[in-house]
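Please treat every number below as a calculation from the coordinates, not as lab data. Keep in mind that what you see is a predicted model, and the values were worked out from it rather than measured. Cβ: placed from backbone, ideal geometry, glycine included. Neighbour counts: every protein chain shown.
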Amino acid sequence: MSEKGTYSELRRNTLIIGISNIGCKAIAFILAPLYSFYLTTSQYGTMDLITTTVSLILPLYCLDIYEATFRFSSDAEYDKRKILTSSLIVCLPSLVLSIIIFVISLFIFHDSYLINYTILFVVFNTLISILSQYARGIGKMRVFAFTGIINSIVMLLTSLLFLIILKLELKGWLISFLLSQISTVIYLCIRCNIFHCVKREYIDKNYIRTFVMFCIPLIPTATMWWVMNASDRYMILFFMSTSANGVYSVANKIPSLLSIFENVFYQAWQTTAISKMHDDDRNEFFSNVFNKYFCFLTIGVVGLLLIGRPLILMIFSIEYSAAWLCFSILVLSVLFHALAGNLGLLYSVFKNTKGAFYSTVIGAVTNIVLNLIFIPAFGLIGAAVTTLIGYVVTLIYRWFDVKKFVSLKLNYKQFLFYLSVITIQLFLYYINTPISYGIRTIILLLILILNRELILKILKK
């Protein structure tokens, strides 16, 4: 494929996934203030801890098999039916164990509904992950993209019912979340033709062995990545309270708008990177994509620093108003998370998953040590700063490490210029006067003008 064709493919995949993610995030953006009004800060904090716990358990539960599902279904030489069947077989022992734990908890322990719901969430998340990545790997990008839409729409409708009409509070959210997952699994089973593709004769021991060997290094990697992403929630709970975690969760909601593009690009870029990995011009191509990716992320950071504080005060309950204090730092965290994730993707592309593990361990250890120091001393701001530092450390390590298989070249002048712009925007964020707001608006317009060609190319079909 020509370079022009490769860029076209990347834009097309980005557009398809982007439409889905924007729709999902729009619904999530509607739900966030809804939750803040119908859930207490303590209940909001509990909700966040449940989703965080699920994200921790998931790779351990299924051996991170969905990564192998996508990676190997993208290779033409592998039988797609054997890939899907083998992926599900790998998760079978965990599924049986979860059923046993669920039954024990249901009949022995009282008031164990949080445990039972968490178990169900992990099971259905596993199925969603495997089936959606399989759909993406075999080229069904629209099926993959629509998965999130189905999940979000069901979540919105059921939340309106259980939270606003029936006023079930936290239990209402739990039921809504479960129903959205069940609906998504049903949709994927139909669209992936699971009853045709998953049969006993497609069980292949060699496939299973290959998948497990590929995924084993990814499990501790995913765990360490989770530590950087989410361990601050548990430390906030330990040193502060569930209410404080609720405020911190709200502070993360608006920065997650930037993660729309991060997630979209990651999924689209992974497919394109695999097709480009053996080309002679891959170094130049990968470098160019990384530098343009940073430019586009900068636009998002500058924009969010402009609108973030008034949005928090406007759309969330007064109980969450303190979220603006650590919001700006969390925006920067998303930036470096995205850049580190971009480089981390290369480990999967070149099937060098050990390097991903070493980089995340360094970042995770940094995160834990600093959390123990910063959270007791500085509260939520300390948690945000620690998260930022962990991602920066991981990014630096990966930048030099990935050069083992691809020689990336950074546009240093551009990089330092945009970091300076972000620093100025961050400083003016805390001043928050009409003059500083005007200056921040001018800075955003300047960044948009400087990147107008890039924006037009991305939007071009």
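Here are some notes:
- FRET efficiency for residue 412 and residue 234, using Cβ-Cβ distance with R0 set to 51 Å, rounded to 0.05: 0.85
- Extending 7 Å from the Cα toward the beta-carbon at both residue 40 and residue 157 defines two label points whose distance is 3.2 nm.
- Which labelled figure in (i) 69, 61, 40; (ii) 78, 45, 42; (iii) 66, 62, 57 is Cα extents along the principal axes in Å, once derived from the coordinates: (i)
- FRET efficiency, residue 454 to residue 75 (Cβ-Cβ, R0 41 Å, nearest 0.05): 0.85
- Exposure proxy order (Cβ contacts within 10 Å, fewest to most) of 412, 358: 412, 358
- Between the listed residues 364, 449, 34, the Cα displaced farthest toward the positive end of the dipole of the chain, a dipole computed from Cβ unit charges relative to the Cα centre, is found at 449.
- For residue 168, nonlocal amide neighbours, meaning residues 5 or more places apart or on other chains whose placed amide H falls under 5 Å from its own, are 163.
- Basic side chains Lys and Arg get +1 at the Cβ, acidic Asp and Glu get -1 at the Cβ, and with that the dipole of the stretch 401-461 about its Cα centre reaches some 360 debye.
- Mean Cα-pair separation over length for the chain, i.e. relative contact order, pairs under 8 Å, 6 or more apart, %: 22
- Residue by residue, the stretch 403-416 carries 3J(HN,Hα) couplings of 5, 5, 10, 8, 8, 8, 10, 8, 7, 4, 4, 5, 4, 5 Hz when phi is fed to the Karplus relation 6.51 cos²θ - 1.76 cosθ + 1.60 (θ = phi - 60°); x denotes Gly or Pro.
- Length released on extending from residue 51 to residue 405, taking residue separation times 0.36 nm less the Cα-Cα span: 123.9 nm
- Between residue 171 and residue 373, the simple spin-label model (points 7 angstrom out along Cα→Cβ) gives 4.6 nm.
- Spin-label zone in the stretch 210-227 - amide nitrogen under 20 Å from a point set 7 Å from the Cα of residue 350 along the C-beta vector: 214-219, 221-222
- Whole-Hz couplings from phi, Karplus 6.51/-1.76/1.60, listed for the stretch 73-82; x for Gly and Pro: 6, 7, 8, 5, 6, 9, 6, 5, 5, 5
- Each peptide in 369-380, 342-353 receives the mean, over its residues, of other Cβ atoms within 10 Å, and ordering these scores from highest gives 342-353, 369-380.
- For 212, 301, order by how many other beta-carbon atoms lie within 10 Å, fewest first: 212, 301
- Each 10 Å bin from zero up to the one holding the largest Cα-Cα distance in the stretch 217-461 carries the following percent of pairs: 7, 29, 35, 22, 6, 0.
- Sorted fewest first by neighbouring Cβ atoms within 10 angstrom, 171, 82, 253 come out as 171, 82, 253.
- Between the stretch 386-461 and the stretch 80-125, the Cα center-to-center distance that results, in Å: 42
- Treating r as the C-beta distance of residue 116 and residue 321 and R0 as 41 Å, the FRET efficiency rounds to 0.75.
- Ellipticity estimate at 222 nm from DSSP helix runs (n ≥ 4, -39,500 (n - 2.57)) divided over the chain, nearest 500: -29000 deg cm²/dmol
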